[in-house]
Amino acid sequence: MRINKFIALASGLSRRAADAAMDAGRVEVNGRSPHTGQDITDDDVVMLDGRALRTPDHTQTIVFHKPRGFVVSRDGQGSRTIYDLLPPQLHALKPVGRLDKDSSGLLLLTNDGTLAQELTHPGNRKVKVYEVTLVQALQPLHRQMIHETGVHLDDGPSTLRLERIHEGNDHAWRVRMHEGRNRQIRRTFAALGYQVHTLHRVRFGDYALGTLKPAAYHEIQTD
């Protein structure tokens, strides 16, 4: 098995992140620095940041319904985290992407670094779908700006695909996007003077939240 794949399976890192860890000198194989493309056998001892890596017996991925008020982190710095809601046997799984503390909905967690890379790499353009409610009704001109011409943010223009969730209701919108910049939806609306009341993710690529209840999860087959 190629070393970057081994590290990805054993640590939850993507293969690209595994390569970066090797370039940074964080990886040793049998006490020596590895080379790109090196094959790993059962007899090799691979260390990342001084910790021995072992591949899991099997890859595992879950769909989790994140409630509002929980952070997607192991260290909540005083806040409750998603790991407070998950059983100990799932604590080794890492989130794919993020949802901020005040957002809810679909969150994928996995120990499959290859899957995580596939879902988050910008070139794969995985669609994410959110249901958003605004404090103020969205004006037609601003809808056109967000939907067609884009809104300028500090980290570049933002264009979101919008459709009403309920006909005649200009407060509730279904938002489709391929990007995943930090708090992009909230910042896009805020740039035009709107406050997001609720933000709820219902789909990420091929995975849908469906009827899963808050704080519940189910395992999915990824083979």
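Quick note: the coordinates plus some simple rules give every number you see, no bench work behind them. Given the structure is predicted, the values throughout are model-derived calculations rather than measurements. Cβ placement follows ideal geometry from the backbone for every residue including glycine, while neighbour counts extend to all protein chains displayed.
Selection among VAL129, MET145, LEU85 by position relative to the dipole of the stretch 60-174 gives LEU85 as farthest towards the positive end (Cβ unit charges, Cα centre).
Neighbours of SER79, meaning other residues whose beta-carbon lies under 15 angstrom from its beta-carbon, give a summed charge of +2 when Lys and Arg score +1 and Asp and Glu score -1. For the stretch 201-209, 3J(HN,Hα) computed residue by residue from phi via the Karplus equation (6.51, -1.76, 1.60; θ = phi - 60°) reads 8, 10, 8, 9, x, 7, 9, 10, 6 Hz, glycine and proline entered as x. Working from label points 7 Å from Cα in the Cα-to-Cβ sense, the GLN77 to THR114 distance is 3.6 nm. Put simply, the convex hull of the Cα atoms in the chain casts, on average, a shadow of 14.2 nm². Taking 0.36 nm per residue of sequence separation and removing the Cα-Cα distance, the ARG98/HIS218 pair yields an extension gain of 41.4 nm.
Exposure here means at most 16 other Cβ atoms within 10 Å; with GluC sites (Glu not before Pro) in a DSSP loop as sites, the longest stretch of the chain lacking them is 1-166.
I want to check the label-to-label distance for ALA208 and GLU179. Put each point 7 Å from Cα in the C-beta direction and report it in nm to one decimal. Computed distance between label sites ALA208 and GLU179 equals 2.7 nm.
Listing LEU119, LEU212 from fewest to most neighbouring C-beta atoms within 10 Å gives LEU212, LEU119.
For the chain, the longest piece that avoids every one of the trypsin sites (Lys or Arg not before Pro) found in DSSP loops with at most 12 other C-beta atoms within 10 Å covers 126-223. A cut-off under 14 angstrom between Cβ atoms defines the neighbours of ALA208, and their net charge, with Lys, Arg +1 and Asp, Glu -1, is +4. The charge dipole of the chain, taken about its Cα centre with unit charges on the Cβ of Lys, Arg, Asp and Glu (plus for the first two, minus for the last two), comes to roughly 660 debye.
Exposure proxy shown here: for THR36, THR133, the number of other Cβ atoms within 10 Å sets the order, fewest to most, as THR36, THR133.
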